[in-house]
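> Can you read through this structure? Questions will come right after.
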Amino acid sequence: MFTQQIINGIVTGAVYALLALGLTLVFGMHRILNFAHGAVFMWGGLIGYYLVTAANFPFWAAFVCAMVGAGLISICLDLLVFRPLRRRKGDELSTIVASIGANLVLITIAQQVTNAQSLRFPFDTFPLEFYRAYGLQISSLQVVIIVTVVLMVGGLLVYLFKTPLGAQVRAVSIDEPASTLLGVNPARVYLQTFFLSGMLAGAAGAIIGLTFNSISYTMGESLMLQAFVVIILGGLGSIVGTVAAGVLIGMIQTLVTAYISSELSDAILFGILFIVLLVRPNGIFAGFHVEHRAA
Amino acid sequence: MTMLAFVSSYTPLFDLVLIYSLIALSQYVSFRGGVLSLAPAGFTLIGAYTGAIMIKSTGLGAMAGICASIAMGACAGLLLALPLARLRGVFPAIATIGFVQIVVSLALYAEPLTGGAVGLTAIPKVATTPCLVAALAAVVGLLSVINRSNVGSAFDAIRQDVTVAESLGIRVAHYYRVNFALSGAIGAVAGCLLAYNTYAITPEEFGFGMLVFAATAVILGGRSSIAGAIIGTAILLVLPELARPLHDQRLLMQGALLIVIITYLPQGIVDTARELLRQRRSVRHPVVPARKVAA
């Protein structure tokens, strides 16, 4: 029973990591803490849902479209909110405040589109099968989730560290003026990171919507707050740290819900955050930091 | 007679503006002192529950309730300052949002004391409009005295540049603690008065929504003047009452306002207006500043 909970926790945590990766990517590269990330995630779930129910898309196609759609929303955020702010030399407080505003706008629109209802995928959206071994069980959905997350994290690492485009992103994050001398267009790089971050959020949104079988305009808020804990635990800006912290948080949350109390799980989660801030503000996985910023 | 009806129909709105102004002032204190805290909603919850529990289960009366909430709010602020006084940048923002989440989930969990999700009802309505006006006047008086004192100038220095403030020998961690305690006390008074004015409280009213409201009010009004917080609150609460479409799209308006104001009018309405007035005056009487410099 305990091992089973651990497995469930790892799967949930992998999805948290996917959501948190987008946050930590934009923060690590551009020092922008995007509070609208949760809303982009929620829109990923909504797009997936509407494509499956209204347009009869198979789930995999809806999933891909949700990723692209959420990526585009994220690009709009950069164009409409963060770019004007950068032009006027906004500080940390102003980016946080502006993205809180964007979050509110995106959530209110979703509330009106969905009539404030909680939506469910049709029963046969995903063919569920259960595999059993050693008294443990794992569903086909869980296997697909793990495989997807591993592929995406791998793809992100390859993109950032092995491709010319990724080199541009890293160049801008280390020194923006110097990168322009080398022929890099920072405005385009910002669009890339925001698109990637939105894609990751959209993927997480579609997956979470399917696994918990519930999509509502409020789903982004609480999960984004959990993602904040994940990125701090993982060391802000660290990709490997974020994945590790995501899995850890997923396991802790599953265990707390199973053995202590689901109502307390938020309090325990954020309690952990405070302890980490007190003891190791750079995150507990900072030792595994992937180097992508100048020291 | 019609005059009386007019006044009595708008009394609840007026009361609400007074109470929410206090919440905004709690937020104003943090921003003014250069602390990126979003904790006031949590302090307000603590104050509201302390006040309600005191008046319902002890026979000590309203004044004792208010004093107890002030003490609780200030203690919560000091406790929060322990891990946060050393942190800079986005960490305090994330951690204080976590604090609000913890407080809300504890209020939901501790059912015997707080009534859980149903909250506390049948709280005697002791805070009438004159009481609220007096409370707001007292807090505004206190804050203007503090603003003119050494503490006020230390807050200003820290807000403008932490590093410079530190190099000038200002004990930044100490003033962070003062700031959190002050913000906590004011937020708790607001909560206590809210409980004494509205008969019933539930944990949900103090969540993310209130947090965003407080930040919006201060950003809208202006971060460096007391009047800014109050005028921002009044605009946010009164505007939706003036026109039906504005009322339906309240949150959309709030979000869009946040983005536009922080980008194009980062000083807020009151501070920008003040700046304009000062400029106009100096154009009209160009001799005055020159004489000041000579003296």
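> Give the number of residues within region B:254-274 that are more than 9 Å from every other protein chain (Cβ to nearest Cβ) and either among the acidic types (D, E) or part of a helix (DSSP H, G or I) (or both). Talk me through it step by step, then tell me what you get.
Quick first cut of region B:254-274, residues more than 9 Å from every other protein chain (Cβ to nearest Cβ) only: B:265, B:267-274.
The next check asks that each one be either among the acidic types (D, E) or part of a helix (DSSP H, G or I) (or both); those that pass are B:268-274.
Count: 7.
> Here's a check for you: in region A:245-255, which residue that is within 30 Å of A:P122 (Cα to Cα) and not polar (S, T, N, Q) is surrounded by the fewest Cβ atoms within 10 Å (Cβ to Cβ)?
Initial filter on region A:245-255 (within 30 Å of A:P122 (Cα to Cα)): A:246-247, A:249-251, A:253-255.
Filter again for not polar (S, T, N, Q), leaving A:246-247, A:249-251, A:255.
Values: A:G246: 31, A:V247: 21, A:I249: 25, A:G250: 23, A:M251: 19, A:L255: 17.
Restricting to residues being within 30 Å of A:P122 (Cα to Cα) and not polar (S, T, N, Q), the top hit is A:L255.
> Could you identify the single residue in B:T202, B:T198, B:T216 that is of a type in the set (S, T, N, Q) and within 14 Å of chain A (Cβ to nearest Cβ)? Steps first, please.
On the way: B:T202 fails: within 14 Å of chain A (Cβ to nearest Cβ); B:T198 fails: within 14 Å of chain A (Cβ to nearest Cβ).
Exactly one of B:T202, B:T198, B:T216 is of a type in the set (S, T, N, Q) and within 14 Å of chain A (Cβ to nearest Cβ), namely B:T216.
> Looking for whichever is over 21 Å from A:G246 (Cβ atoms) and at pLDDT below 90 here; the options are A:F2, A:F57. Which one fits?
Values: A:F2 fails: over 21 Å from A:G246 (Cβ atoms).
Only one candidate qualifies: A:F57.
> Would you mind listing the helices (runs of 4 or more DSSP H) fully within region A:34-123 where at least 2 residues are under 21 Å from the mean Cα position of the chain (by Cα) and hydroxyl-bearing (S, T, Y)? Working first, answer last.
Details: elements: A:37-53, A:59-77, A:83-87, A:92-113.
Those helices (runs of 4 or more DSSP H) span A:37-53, A:92-113.
> Can I ask one more? So which residues in region A:49-68 are closer than 15 Å to A:D124 by Cβ and not hydroxyl-bearing (S, T, Y)?
At the first step, the residues of region A:49-68 found to be closer than 15 Å to A:D124 by Cβ are A:49, A:52-53, A:56-60, A:62.
Within region A:49-68, A:V52, A:N56, A:F57, A:P58, A:F59, A:W60, A:A62 qualify.
> Among the candidates B:V145, B:V140, B:V164, single out the residue that is assigned to a helix (DSSP H, G or I), surrounded by fewer than 14 Cβ atoms within 10 Å (Cβ to Cβ) and under 18 Å from the mean Cα position of the chain (by Cα). Please lay out each step first, then the result.
Working: B:V140 fails: surrounded by fewer than 14 Cβ atoms within 10 Å (Cβ to Cβ); B:V164 fails: under 18 Å from the mean Cα position of the chain (by Cα).
Answer to the check: B:V145.
> Going through A:T218, A:T163 one at a time, which residue ends up being farther than 17 Å from A:G38 by Cβ, hydroxyl-bearing (S, T, Y) and modelled with pLDDT under 90?
Values: A:T218 fails: farther than 17 Å from A:G38 by Cβ.
The unique qualifying residue is A:T163.
> Something else: How many residues are without any contact (Cβ under 8 Å) to a residue 60 or more places away in the chain and surrounded by fewer than 19 Cβ atoms within 10 Å (Cβ to Cβ) when one looks only at region A:172-183?
Here is the first cut: in region A:172-183, the residues without any contact (Cβ under 8 Å) to a residue 60 or more places away in the chain are A:176-183.
Those still in the list that are surrounded by fewer than 19 Cβ atoms within 10 Å (Cβ to Cβ) too: A:176-178, A:180-183.
Number satisfying all stated conditions: 7.
> Which residue out of B:I219, B:I186 is in contact with a helix residue (DSSP H, G or I) (Cβ under 6 Å, 6 or more places away or on another chain), in a helix (DSSP H, G or I), closer than 21 Å to B:C75 by Cβ and of a type in the set (V, I, T)?
Answer to the selection: B:I186.
> For region B:167-182, how many residues meet the condition of being more than 28 Å from B:I23 (Cα to Cα) and part of a helix (DSSP H, G or I)?
1
> May I ask you to verify whether B:Y196 is buried (at least 17 other Cβ atoms within 10 Å of the Cβ), at pLDDT 85 or above and touching a helix residue (DSSP H, G or I) at 6+ places or on another chain (Cβ under 9 Å)?
On the way: buried (at least 17 other Cβ atoms within 10 Å of the Cβ): yes; at pLDDT 85 or above: yes; touching a helix residue (DSSP H, G or I) at 6+ places or on another chain (Cβ under 9 Å): yes.
So B:Y196 fits the description; yes.
> Follow-up question, since we're still on this one. Given the conditions (1) more than 14 Å from chain A (Cβ to nearest Cβ); (2) of a type outside the set (D, E, K, R); (3) outside any helix (DSSP H, G or I), report the number of the one that B:F14 does not fulfil.
Every condition holds for B:F14 apart from (3).
> Can I ask one more? Keeping to region B:68-94, report how many residues are more than 7 Å from every other protein chain (Cβ to nearest Cβ) and assigned to a helix (DSSP H, G or I). Even if it seems obvious, please write down each step before you answer.
If we filter region B:68-94 for residues that are more than 7 Å from every other protein chain (Cβ to nearest Cβ), which is where we start, we get B:68-82, B:84-86, B:88, B:92.
Next, from what is left, pick out any that are assigned to a helix (DSSP H, G or I): B:68-82, B:84, B:92.
Counting residues in region B:68-94 that are more than 7 Å from every other protein chain (Cβ to nearest Cβ) and assigned to a helix (DSSP H, G or I) gives 17.
> Using the structure shown, decide if B:R223 is touching a residue at least 60 places away in the same chain (Cβ under 8 Å), within 13 Å of another protein chain (Cβ to nearest Cβ) and among the basic types (K, R). Spell out the reasoning first.
Values: touching a residue at least 60 places away in the same chain (Cβ under 8 Å): yes; within 13 Å of another protein chain (Cβ to nearest Cβ): yes; among the basic types (K, R): yes.
Judged against the criteria, B:R223 is a match.
> For the subset of region B:95-116 comprising residues that are more than 7 Å from chain A (Cβ to nearest Cβ) and of a type in the set (G, A, S), which member is farthest from A:I268 (Cα to Cα)?
This residue is B:G115.
> Look at region A:221-244 and say how many of its residues are farther than 28 Å from B:G209 by Cα, out of contact with any Ser or Thr (no Cβ under 9 Å at 6 or more places or on another chain) and crowded, with 23+ Cβ neighbours inside 10 Å.
Count: 1.
> Just give me the residues in region A:152-164 being surrounded by 14 or more Cβ atoms within 10 Å (Cβ to Cβ) and either touching a Leu at 6+ places or on another chain (Cβ under 8 Å) or of a type in the set (A, V, I, L, M) (or both), in sequence order. Lay out the reasoning, then the answer.
Filtering region A:152-164 for residues surrounded by 14 or more Cβ atoms within 10 Å (Cβ to Cβ) gives A:152-153, A:156-157, A:159-161.
Passing the criteria: A:M152, A:V153, A:L156, A:L157, A:Y159, A:L160.
> While we're here: Can you list the helices (runs of 4 or more DSSP H) found entirely within region A:176-295 that contain at least 2 residues being under 23 Å from A:V81 (Cβ atoms) and within 13 Å of chain B (Cβ to nearest Cβ)? I'd like the intermediate steps shown before the answer.
Working: elements: A:176-181, A:186-211, A:219-233, A:239-259, A:265-279.
Hits in region A:176-295: A:219-233.
> Let me ask you something else. Could you count how many residues in region A:260-275 are within 21 Å of the chain's Cα centre (by Cα) and more than 18 Å from B:A107 (Cα to Cα)?
Looking only at that region, the number is 2.
> Kindly establish whether A:S74 is out of contact with any Lys or Arg (no Cβ under 6 Å at 6 or more places or on another chain), more than 12 Å from every other protein chain (Cβ to nearest Cβ) and at pLDDT 85 or above. First the steps, then the outcome.
Details: out of contact with any Lys or Arg (no Cβ under 6 Å at 6 or more places or on another chain): yes; more than 12 Å from every other protein chain (Cβ to nearest Cβ): yes; at pLDDT 85 or above: yes.
Yes; evaluated as a whole, the condition is true for this residue.
> Right, here's the next one. Being touching a residue at least 60 places away in the same chain (Cβ under 8 Å), crowded, with 22+ Cβ neighbours inside 10 Å and touching a strand residue (DSSP E or B) at 6+ places or on another chain (Cβ under 7 Å) narrows it down to one of A:L46, A:L19, so name that one. I'd like the intermediate steps shown before the answer.
On the way: A:L19 fails: touching a strand residue (DSSP E or B) at 6+ places or on another chain (Cβ under 7 Å).
Answer to the check: A:L46.
> Is it true that A:L80 is at pLDDT 90 or above and either closer than 30 Å to B:G89 by Cα or aromatic (F, W, Y) (or both)?
Values: at pLDDT 90 or above: yes; either closer than 30 Å to B:G89 by Cα or aromatic (F, W, Y) (or both): yes.
When the stated conditions are applied, A:L80 passes them.
The values are calculated or read from the model by the stated rules, or taken from the named source; none is laboratory data. For clarity, every value in this text was computed on a predicted model and none was experimentally measured. So basically every Cβ, Gly included, is an ideal-geometry build from the backbone, and we count neighbours across all protein chains shown.
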